[in-house]
1. For TYR134, are the conditions met, namely being among the hydroxyl-bearing types (Ser, Thr, Tyr), loosely packed, with under 15 Cβ neighbours inside 10 Å and more than 30 Å from PRO58 (Cα to Cα)?
2. Looking at (1) β-branched (Val, Ile, Thr); (2) crowded, with 18+ Cβ neighbours inside 10 Å; (3) modelled with pLDDT under 95, which is the only condition VAL154 fails?
3. So, in the stretch 94-123, of the ones that are among the hydroxyl-bearing types (Ser, Thr, Tyr) and surrounded by 13 or more Cβ atoms within 10 Å (Cβ to Cβ), which residue ends up farthest from GLN44 (Cα to Cα)?
4. Any chance you could count how many residues in the stretch 155-178 are of a type in the set (A, V, I, L, M) and closer than 15 Å to SER34 by Cβ?
5. Taking GLU86 and the conditions (1) modelled with pLDDT under 90; (2) not in a helix (DSSP H, G or I), which numbered condition does it fall short on, given that it satisfies the others?
6. Within the stretch 26-60, track down each residue that is farther than 23 Å from LEU167 by Cβ, of a type in the set (A, V, I, L, M, F, W, C) and surrounded by 13 or more Cβ atoms within 10 Å (Cβ to Cβ).
7. I'd like to know if the stretch 158-170 contains one or more residues that are modelled with pLDDT of 60 or more, among the polar types (S, T, N, Q), within 11 Å of VAL31 (Cα to Cα) and under 16 Å from the mean Cα position of the chain (by Cα).
8. Can you name every residue in the stretch 97-152 that is closer than 30 Å to LEU71 by Cα and touching a Pro at 6+ places or on another chain (Cβ under 9 Å)?
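The values are calculated or read from the model by the stated rules, or taken from the named source; none is laboratory data. Note that the coordinates shown come from a computational prediction; the quantities given were computed from them, not determined experimentally. Counting neighbours? That spans all protein chains shown, and the Cβs are built from the backbone with ideal geometry, glycine included.
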Amino acid sequence: MGKVCVSIGIVLACCGFCGGAQAQAPSAVTVSFSEAVIRTAEAQKQMAALKAKYVPRPAKLKALNDRIRELQKQLQATGTALSDSERASRKQTLATEQKQLQRHAEDYKSDTQADSQDVSQTVAQKMYGFLQEYAQEHNYPMVVERGSDAQPVVWYAAANLDITADLVKAYDAQSGVAAPAGLNRAFRVLRSRRRPRPNRSSMSFRV
């Protein structure tokens, strides 16, 4: 009878140990931090505002480019009929317009990149702090950068270890910013898809 009790006790102890092990958090989870930042409702909302802010700029660039093309056509069509001074004057006008177009295009690119980086950096700082709390709350001992499909950081990680979508969902919930339409569906696709095996001969890594 004593041996039976001891055996039952061992079985129950083993069951309790296994149950506890199953409840434990994984030893490490992965996240695509940059992707998480840009997919937050906060970042999406600010990026949409930037897009609206810069709407007039491409139209102005197109108008200037169209004017340059028209000047080029006029110069080619009437070049032989013009005096040397008139031809030189039109060439100078054309060169001035071309420089103006290049300067405006460079300014547009620089301004949009700077504003986009400001948005990303601001949200990234908040996301980093939130990630620390989120990991502690879920008892994750380690959160590893997953990278992107084009530039993976780890060779392989099971899909259920990626917390990118859950992290964004939790961040949006505490931020109080409404998620843009279609964002949740995009994350369902992101979570369910399987990444293709990378080509080791052409793979590059980020440090």
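1. Working: among the hydroxyl-bearing types (Ser, Thr, Tyr): yes; loosely packed, with under 15 Cβ neighbours inside 10 Å: no; more than 30 Å from PRO58 (Cα to Cα): yes.
So TYR134 fails the test.
2. Exception for VAL154: condition (2).
3. We begin by selecting, within the stretch 94-123, every residue among the hydroxyl-bearing types (Ser, Thr, Tyr); these are 96, 108, 110, 112, 116, 120, 122.
Those still in the list that are surrounded by 13 or more Cβ atoms within 10 Å (Cβ to Cβ) too: 108, 112, 116, 120, 122.
Values: TYR108: 20, THR112: 15, SER116: 11, SER120: 10, THR122: 13 Å.
The selected residue is TYR108.
4. Qualifying residue count for the region: 4.
5. Evaluating GLU86 over (1) modelled with pLDDT under 90; (2) not in a helix (DSSP H, G or I) leaves (2) as the failure.
6. The initial filter retains those residues of the stretch 26-60 that are farther than 23 Å from LEU167 by Cβ, namely 49-60.
Still in the running and of a type in the set (A, V, I, L, M, F, W, C): 49-50, 52, 55, 59.
Within the stretch 26-60, just LEU50 meets the criteria.
7. For the stretch 158-170, residues modelled with pLDDT of 60 or more, among the polar types (S, T, N, Q), within 11 Å of VAL31 (Cα to Cα) and under 16 Å from the mean Cα position of the chain (by Cα): present.
8. Initial filter on the stretch 97-152 (closer than 30 Å to LEU71 by Cα): 97-112.
Of everything in the stretch 97-152, just one residue is closer than 30 Å to LEU71 by Cα and touching a Pro at 6+ places or on another chain (Cβ under 9 Å), namely TYR108.
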